[in-house]
Every structure is written in C-alpha cells, then in structure tokens.
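Beneath this line is the structure, given in structure tokens, with notes to follow.
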Amino acid sequence: MMQVPLSVGSLMEHAESFFPKKEVISQTHDKLHRLNYGEIGQRTRRLMSILNELGISKGDRVGTLAWNHHRHLEVYFAAPGMGAVLHTINIRLSPEDIIYIINHAEDRILFIDEDILPLIEHIHTHLATVEAYVVMTDKAELPDSTIQPLYSYEELLSTGDPSYEFAKDIDENQPAGMCYTSATTGKPKGVVYTHRAIVLHSFALGLADTAAISESDVSMPVVPQFHVNAWGTPFACTWFGSTQVLPGPRFTPKRLAEFIDRFKVTITAGVPTIWLGLLRELEQGDYDTSSLRAVLCGGSAAPLGLIKAFEEKYKIPFYHAYGATETTPLATISRLKSYQQDISQEEKFQERARQGILVPGLQMKVVSDKGEVEWNGKDMGELLLKGPWIADEYYKDNRSLDAFKNGWFHTGDVVTVDEEGTIKIVDRTKDLIKSGGEWISSVEIENAIMAFGPVFEASVVAIPDEKWQERPIACVVLHEGYENKTTKEDILEFLKPQFPKWWLPDDVLFFEEIPKSSVGKFLKRELREQVKARYSPQG
Ligand code: AMP
C-alpha cells in the first residue's frame, strides 16, 4: 500500500473540496458569523501565509488563548497546516500557570481573544519567547495596549494569500498540537499531539459505535477549544463536513439552549457541570431540543440522575465517554451491545452510567499490586492505556518516567471491568478513600447522592481517621428551595440501602457551591481544605 502521511491540513482540504457550502456558525463577542468551509478554507490559507510572513516556521509553537469560535478554528488548521504546532492554552488557569506554560512551550506568537487581552497585559513582560500578539476581534480598531507588536487578526488576514498551499512535506509523526493538563502537584504537564494521532482520533470519532460524527450532524462543542482540542471535534467535524456551531465567549446555559433550538444541533459535547446547567435552563424555558441525537458527556463521571433526566424527561440520548488530555481524548464510550437490549430500563441506565468499552484502535490493561485484575466487575486496579492516539511522554518533563513506564500510559484512574469489558471509574488513585484496609469509591457515593431529588451536586472526600485511616465525608449542594428542608439524615437514609454500612459517609456537610477546576471538575484538594476548616476549632 502507499505510504501517505496523515496530516491535519488534509482534513481542511477535504472540507474545502467536498463541503464548501456547509457552514460554521460562530458566536464572537460582538456578533454571530456564518461562514462556509469554502470561506474558512481560504481564510485558513491566508492565515498560513501570514504566519509564514511573520517568520513562523516548521515546529514553532503558535499559542492560542481563546473561546470556541471560527477564528480559533482557523488557527487550529493554519498552524499545523503549515507545519507549526497549535498550542491551545487554558484561559482559566492562574496567571502563574499560564506564564509557565507559554514559556515552557516556547510559544513564538499568541492569538488571543479581546477579553483575554487584560490578562496578557498583566503578564506579557514575563513571556520570554513571544514575539507577536494577534487579537481576534470584530472591532475595526485595536484597543489601546502596552503590548507590542499587537496585530488585528482581520487586518492581517486581509493582506494574506487565499491560495497559499498546505505544507506537503508533513511527516505524520511530527507535532501538530499541544495542550497542558493541570497536575495535582507541581506545574502543568504538556502533551504533544502528532498529525497521525489527530487524524486517527478523528476517524475514531466517526465510528458508528462511538460518536458517529457525520456530514449530516450539526455539532456544538461546549467543551472548550482550549481543553484537549474540544475533544477533537473541530478536526473530525471539519473533515466530515458537519455543520459546526461554536458558542463563543462566556456562553450561558441559555445561549446553549437557544442555539440547540435555533440551529437544530444534533450532537454536543461537554462536562457534567455544563449539562446540569443546561437541565436547569430547560426546566425554566421553552426550547425545542428534539434535533439532538447525542449529548456526549465526559471529563468526570456522569451521575446516573443526569443521564436519566436527559433521556426520560427530554428524550435526549446521552452518552458517557472517558478520556484524558494524554489520550487525545476519546478512550472509552458507553453504549449497550446489541444483545444487552433486553435488560430492564433501570439496568440499562446503570450500565450506561459506566464509562463504557474501549474504542477500537486502543489497548487497555487494568493492574493492581497483584497483577492484572479479573474482569469480574469487582476487582479494582489502575487503568493503563496504549495506542496511536495515546501520548508516550510529557513534553520536556521528567514526570514522564512514572506516567509512561513500560510503554503504557498510567491513567491514575482506578477502575473495575465487568465481563463485557465495560470499565467503571471508581476513583482517581489519589481520591480513593482507604478505610480499614479496604477501598471506598468516592465517585460511587457522590453519584448515588446526586440521584437524590433535592440534591444539585455532591462530592465526597476523605478525612483522616485515627481508627480507620480515612473516612468519607459528603459535601452537598441542594437545589434552590430545599435548603433547610433536606437534612443529613435524609441523605444517609437514601444511601443506606445502596451501600455496605462502612461505606456510608460519617458526615454530610452542606455547601453553596463545590469548588471546581478550570475545566469544571470537582476540585477535591480545595474541598478537602474547606472540609478541614469546618472541623477545625475556628471553622
Ligand atoms: P483531563 O486531562 O483534564 O481531561 O482529565 C482526565 C481525567 O478526567 C481522567 O484521568 C479521569 O480521572 C477524569 N475523567 C474523564 N472522563 C471521565 C469520566 N467519564 N468519568 C470519570 N472520570 C473521568
């Protein structure tokens, strides 16, 4: 067979050739844009020529600090399309982490949204390698700024060459993108995606038994383009010619609901927090969501109650998927097999609340201290992954040695596997509660609590215990109107029939909000501190 390198640029070329009339609908700060792939392709080519003029060459890192919109999508293809590396930066991280990430990646140019400009003004003197800044704005005039040199995206594009060629000498194993993931301790860790990994991962998103992304889809990624490439959807959707709806800066659940209704969105993707917010909005407003054929949910465990609410109340198919920055990210997705269709409705929900089976193309192993665990749905071990879209190191980081030893990525996630091969994430290795020599899954208890009607959100953390080593404490946020009505005892009563006695939380604390990470996951480190403070004499 022919040896044809897989390249990100070729995905956009395909869209230009075969789907030039299909649209990208994009919300920016000031307005809604509608461009087709013919136009997006030309603008991407213009941008490649500009990057070239600005001195960006093969292997150079092109940083972005931006929301989900068409200009960001164009950088997604222009940087790797001309052989450079797209480096998406999480705008919700602390300024210190952002400085670290930009310097560590040695970004030469930064594309930033106008609302990020104040942050960059604050930190730009610390950015050692950045030579130019480009503001992605609709406004004709650039804001006054101390940053130099500062360009307007649209002004630059207007002088670009619309027929500039995508690089033809791409080695598929060369870097196309990179993204940093927050570490529990220490600085963020960089993951580099090759052209090959991104293209193969895009294929995976198109498989009928995964996300089945296709031309007929109207895809709205809510997961940010600055977090694991919006789960790879911009690449796959462009390649397959799906319509894309990009919800833009600082979107609200209301905007998401309106866009689903107005643009007849068929598939959308995001973390559970987003879907909890959308549910609230659907309850308040009158929206037609009947176009949705799939809500993809990942990033943290999807509570059973959430899946049920979408499917039973709104008839919206809800798919639970699992992955990580290091896995590009799709690794598993939860769908019932054909012969599992005749189990009861409740069992179906239980099954689909698990993280699902491995996506074709990847390999997995689950290991405990005693070796590989049995697929019996009970034994717990750490999930290890291998495959063409799984990272094999962190970028210039000696933490790689542990995480990638023996040719496997050690996910840090503790799972069980049942006889169908379906995994269930029990916990992060560091969040498991070790009580009396046994393990308690904080995730299982929190999901059970979240299935209790009055509860909006719940997170369970360990506190040190003299006798048992650690004991679980439940931290609960109630739905509006239930404060002072639902008690600790109500919650424990609800849990009692579902768990062994020793799994039940020693206490239930009520919170107004559970602290969350920059990508909407429970920040257990912070929560543990808050719990400790409540128990301290001053707290
Ligand atoms: P990140 O690299 O920030 O995307 O985080 C990856 C981590 O998120 C994984 O290692 C898991 O701990 C967690 N995660 C992702 N998807 C799921 C899921 N569906 N259920 C439970 N945890 C998840």
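Mind checking whether some residue in the range 148-163 is away from the ligand (no atom under 16 Å from the Cβ), of a type in the set (Val, Ile, Thr) and open to solvent by less than 70 Å² (accessible area, probe 1.4 Å)? No, there is no match, as no residue in the range 148-163 is away from the ligand (no atom under 16 Å from the Cβ), of a type in the set (Val, Ile, Thr) and open to solvent by less than 70 Å² (accessible area, probe 1.4 Å).
Within the range 419-448, restricting attention to residues that are under 23 Å from the mean Cα position of the chain (by Cα) and of a type in the set (A, V, I, L, M, F, W, C), the residue that is surrounded by the fewest Cβ atoms within 10 Å (Cβ to Cβ) is LEU432.
Scanning the range 37-88 for residues that are of a type in the set (A, V, I, L, M, F, W, C), out of contact with any strand residue (DSSP E or B) (no Cβ under 8 Å at 6 or more places or on another chain) and open to solvent by 20 Å² or more (accessible area, probe 1.4 Å) yields a single hit, MET82.
Among the residues examined, VAL223 qualifies as over 17 Å from HIS14 (Cα atoms), touching a Gly at 6+ places or on another chain (Cβ under 7 Å) and either open to solvent by 20 Å² or more (accessible area, probe 1.4 Å) or within 14 Å of the ligand (Cβ to nearest atom) (or both). Would you check if LEU336 is over 20 Å from the mean Cα position of the chain (by Cα) and not β-branched (Val, Ile, Thr)? In short, yes.
Just to check your reading of the model, which residue among GLY277, GLY285, GLY299, GLY323 is within 19 Å of the chain's Cα centre (by Cα) and without any contact (Cβ under 8 Å) to a residue 60 or more places away in the chain? It is GLY277. Scanning the range 310-326 for residues that are more than 8 Å from the ligand (Cβ to nearest atom) and either crowded, with 21+ Cβ neighbours inside 10 Å or assigned to a helix (DSSP H, G or I) (or both) turns up PHE310, GLU311, GLU312, LYS313, TYR314, ILE316, PHE318, TYR319. Do we have any residue at all in the range 469-477 that's open to solvent by less than 50 Å² (accessible area, probe 1.4 Å), under 30 Å from GLY270 (Cβ atoms), charged (D, E, K, R) and out of contact with any His (no Cβ under 8 Å at 6 or more places or on another chain)? No, every residue in the range 469-477 fails to be open to solvent by less than 50 Å² (accessible area, probe 1.4 Å), under 30 Å from GLY270 (Cβ atoms), charged (D, E, K, R) and out of contact with any His (no Cβ under 8 Å at 6 or more places or on another chain).
Looking at the range 206-216, which of its residues are away from the ligand (no atom under 16 Å from the Cβ) and either buried (at least 24 other Cβ atoms within 10 Å of the Cβ) or more than 23 Å from ARG34 (Cβ to Cβ) (or both)? Before you say what the answer is, go through the steps one by one.
Here is the first cut: in the range 206-216, the residues away from the ligand (no atom under 16 Å from the Cβ) are 206-209, 212-216.
GLY206, LEU207, ALA208, ASP209, ALA212, ILE213, listed by residue number.
Look through the range 11-36, keep the residues that are hydroxyl-bearing (Ser, Thr, Tyr) and crowded, with 18+ Cβ neighbours inside 10 Å, and return whichever of them is nearest to THR194 (Cα to Cα). So the residue we want is SER26.
Within the range 418-428, identify whether any single residue is in contact with a Lys or Arg (Cβ under 6 Å, 6 or more places away or on another chain), of a type outside the set (Lys, Arg) and modelled with pLDDT of 90 or more, and answer yes or no.
Filtering the range 418-428 down to residues in contact with a Lys or Arg (Cβ under 6 Å, 6 or more places away or on another chain) leaves 422, 424.
Those still in the list that are of a type outside the set (Lys, Arg) too: 422.
Those left that are additionally modelled with pLDDT of 90 or more: 422.
Within the range 418-428, one or more residues are in contact with a Lys or Arg (Cβ under 6 Å, 6 or more places away or on another chain), of a type outside the set (Lys, Arg) and modelled with pLDDT of 90 or more.
All of (1) among the β-branched types (Val, Ile, Thr); (2) more than 14 Å from the ligand (Cβ to nearest atom); (3) outside any loop (DSSP other than H, G, I, E, B) hold for ILE307 with one exception: (2).
Take the conditions (1) under 22 Å from ILE56 (Cβ atoms); (2) within 30 Å of the chain's Cα centre (by Cα); THR159 misses just one of them, which is (2).
The values are calculated or read from the model by the stated rules, or taken from the named source; none is laboratory data. Every value quoted in this text rests on a predicted model; they were computed, and no experiment measured them. Cβ sites come from the backbone with ideal geometry, for glycine too, and all protein chains shown count toward neighbours. Protein only, heavy atoms only, side chains kept; ligands, DNA and RNA dropped before computing areas. Shrake-Rupley method; radii C 1.70, N 1.55, O 1.52, S 1.80 Å.
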